[in-house]
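The values are calculated or read from the model by the stated rules, or taken from the named source; none is laboratory data. No experiment lies behind these values; they were computed from the predicted model shown. Ideal geometry is used to build each Cβ from the backbone, glycine not excepted, and the neighbour counts take in all protein chains shown. Heads up: the accessible areas ignore ligands, DNA and RNA and are worked out on the full protein's heavy atoms, side chains in. Shrake-Rupley method; radii C 1.70, N 1.55, O 1.52, S 1.80 Å.
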Amino acid sequence: MAHWSEVFGAVHVTFGPVRGPEEVINDPQLRPNEIVVPIEGAGSKVTSTISSPIQVQGVAKVPAKRGPDLGEHNDEVLEQLGFDAKQIEGFRASGTIPQASRPAKAAAGGGR
C-alpha cells in the first residue's frame, strides 16, 4: 500500500484502499457522519448497524433498533387476529406456539 500511495500521490490520482469489514467498521468518518449508528435495544454482541441511506426532507429518521426475536410478538399478532388470552395460552400449552421468550428489557418489567 505504501508503494501505491507514493505512485498515485506523485501523479495526483485520487485513490483509497479497499478495506475489509473489520477495518470499515472502525473508519473514523463513519460515526460522525451517522453512517454507522447505534442500535436501540441492542444486545452485547451487536451494538451498531449501517444507517438507512434514505432521507426525506422534513421527516426525522427513525433510530435503528434490534429486530424482534423469533416469536417475540406472537401474542400481539394472535390478539390482532381475534384470539383471546385463553386461546393463546391454549396454543402455548399444546405446543402450537412456543413459550413466550421476552427480551431482557421486557422481562425486567420495562414493557411488553
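R0 = 35 Å: FRET efficiency of Q80 with W4, Cβ-based, nearest 0.05?
Result of the calculation: an efficiency of 0.05.
Just the accessible area per residue of the chain, please: how many Å² with a 1.4 Å probe?
82 Å²
Would you mind giving the average projected area, over all directions, of the Cα convex hull of the chain in nm² with one decimal? The partial results should precede the final answer.
Details: hull surface 49.9 nm².
For the Cα atoms of the chain, the hull's average projected area reads 12.5 nm².
Report the full-extension gain for the segment E23 to A60: residue separation times 0.36 nm, less the Cα-Cα distance, to one decimal in nm.
Length gained, E23 through A60: 10.4 nm.
Dipole magnitude of segment 23-75 about its Cα centre, charges +1 at Lys/Arg Cβ and -1 at Asp/Glu Cβ only, in debye to the nearest 20? Don't skip to the end; give the middle numbers.
Numbers: 5 positive and 7 negative charges, 27 e Å.
Taking the Cα centre of segment 23-75 as origin, the dipole is about 140 debye.
Relative to the longest principal Cα axis of the chain, at what angle does helix 85-94 sit, 0 to 90 degrees, rounded to 10?
The angle comes out at about 80 degrees.
Can you pull a Stokes-Einstein diffusion coefficient for segment 1-56 at 4 °C (1.567 mPa s), Rh from Kirkwood over Cα pairs, as a whole number of µm²/s?
Answer, rounded: 93 µm²/s.
Helix-derived [θ] at 222 nm for the chain: sum -39500 (n - 2.57) over DSSP H runs of at least 4, divide by residue count, nearest 500?
Value at 222 nm, helices only, nearest 500: -7000 deg cm²/dmol.
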